[in-house]
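The values are calculated or read from the model by the stated rules, or taken from the named source; none is laboratory data. Everything numeric in this text was worked out from a predicted model, so none of it was measured. Note that each Cβ is placed from the backbone with ideal geometry, even for glycine, and that neighbours are counted across all protein chains shown.
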Amino acid sequence: MSKGKAKKRKKRTLKRFGQFIKTKLRQTLHRATGVTHFRWMTRQDSRVRPLHAQIHGKVFTMAAGHPTEGYPGQPFGCRCVAKPVKRGFFSFASLFSEDEGGQV
Ligand SMILES: [Zn+2]
């Protein structure tokens, strides 16, 4: 393997790890702030997997998530995000939601 390829692979792995951490953080924050349900939001581009495109905008409980996919960002390489449906007294979870333009 060339050096360039190894570098790219390392970058991709780090990116996925970062996404994984962000997903975990969001889940923890949502739970801690009293969010009970979330809306599955995809990136709405051509790279979104077909199943995720189907469930885009659907609401799931924080307790169970999607029956096969779990939580947005949890399946390997998934770039979807969980948008809190109900917020608790704290709205600090919004800091970790990239694509909400402040319209909650
Ligand atoms: Zn996804």
Q) So which residues in segment 33-59 are touching a residue at least 12 places away in the same chain (Cβ under 8 Å), closer than 17 Å to Cys78 by Cα and either over 12 Å from the mean Cα position of the chain (by Cα) or in a loop (DSSP other than H, G, I, E, B) (or both)? A) Thr42, Arg43, Gln44, Arg47, Val48, Arg49, Leu51, Ile55, His56, Gly57, Lys58
Q.
Looking only at segment 60-98, how many residues end up being under 16 Å from Leu25 (Cα atoms), in a loop (DSSP other than H, G, I, E, B) and either within 16 Å of the ligand (Cβ to nearest atom) or modelled with pLDDT of 90 or more (or both)?
A. 11
Q. Taking the condition modelled with pLDDT of 90 or more and within 15 Å of the ligand (Cβ to nearest atom), does Gln54 pass?
A. yes
(Q) Between Thr23, Thr36, Thr28, Thr42, which is surrounded by fewer than 15 Cβ atoms within 10 Å (Cβ to Cβ) and in contact with a strand residue (DSSP E or B) (Cβ under 9 Å, 6 or more places away or on another chain)? (A) Thr36
